[in-house]
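Here the structure comes first, spelled out in structure tokens, and everything after it is commentary.
The values are calculated or read from the model by the stated rules, or taken from the named source; none is laboratory data. Since we're looking at a predicted model, the values are computed, not measured. Every residue, glycine among them, receives a Cβ derived from its backbone with ideal geometry; neighbour counts consider all protein chains shown.
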Amino acid sequence: MAVKKENTTYEEIVRAVRAGSFAPIYYLMGEEAYYIDKLSEFIADAALKEEERDFNLTVCYGTDVTVDEVINAARRFPLMADRQVVWVREAQSMQGKEKLSAYLENPQMSTVLIFCHKNGVLDRRKKLATDIQKNGVLFESKKFYESQLPGFVTSYLRRKGINIESNAVMMICDSVGNDLSRLSNELDKLVLALPEGANRIEAAFVEQHIGVSKDFNNFELISAFVDKDVLKVNRIVKYFNDNPKNFSLQLTVSTLFGFFSNLMLAYYAPQRTEEGIADWIEQPRWQVTKNILPAMRKYSGVKVMQIIEKLRETDAKSKGIGNSMATPGDLLKELSYFILH
């Protein structure tokens, strides 16, 4: 396999496997389980035909097997197939992984060895990580930042031939969060629910099928703060207060913190153009046009710093620190008043 660089990407692995180039070992690790699951399934499916799987696919769990047992399985030859797959799930629980270095000195080239190591990583400074990278693929699946979610949603749907309205993107991200497995499942549900021949998802459709209101959500709350629309802010705050099942103060504070932090960064952009700010804060240009630039005209840098501090205070109070009586609704009302005035 040609890919040997330190930070091998998901796309590079997929391209190589599609071209029929398999590494003797894939060590998939990291905090984001979605890409670990997707890659391991893709590699196993590509390596074996359906009729070859009964005799050439070994699936085991790090809690149940030893490294020696995995190595012995990897050294076997395939039966009536070009290759076999040994797939180790929950590899983070398997002890003595250092022994793999000896196997990698002379790996069985007809074996595709897959390790799924979730919620952690190998120490890249140690010999095992170096040996895996030298002889196969070491892939780290990093947790997604909130700012990366809109790109994930639009790309995921684009691959299925579906377009999506920008407001609908933010509604989905706001409602589901950065659990990519859950996010992809919700997107699949939306695609299946589309009428035959339809290829565009709009905000009203998301409201209908995911249950988040297109008018009362954190994205619309940010828009109201950008416009300093007191009436709209109060309406959304009242809706959240009246519908506690649809409201999480901590999620709202986190969303607002992300926005105002980006707004603070925008003041330091070397170029105060739409493109310059978008590159500087690593946000889509439409987001800069719709929210960041208008907010820069409404809020001073000093006020934004004060808002960020208030958001930290509200977050602490929402977790019971320095707060014994205020409800989430009360805290949101207080926060909203502070931002607007």
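What the table below lists for this structure:
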item	result
Options Asn119, Asn135, Asn163: the member that is farther than 21 Å from Ala278 by Cα, crowded, with 19+ Cβ neighbours inside 10 Å and not aliphatic (A, V, I, L, M)	Asn135
Verdict on Asp45 being over 26 Å from Lys142 (Cβ atoms) and acidic (Asp, Glu)	no
Condition check for Arg200: of a type in the set (Lys, Arg), out of contact with any helix residue (DSSP H, G or I) (no Cβ under 8 Å at 6 or more places or on another chain) and loosely packed, with under 15 Cβ neighbours inside 10 Å	yes
Residues satisfying the stated conditions in region 203-230, i.e. at pLDDT 90 or above and not in a helix (DSSP H, G or I)	Lys228, Asp229
Qualifying residues in region 36-94 (those that are more than 25 Å from Val14 (Cα to Cα) and hydroxyl-bearing (Ser, Thr, Tyr)) - the one surrounded by the fewest Cβ atoms within 10 Å (Cβ to Cβ)	Thr63
Qualifying residue in region 299-311 (condition: under 17 Å from Tyr337 (Cβ atoms) and surrounded by fewer than 13 Cβ atoms within 10 Å (Cβ to Cβ))	yes
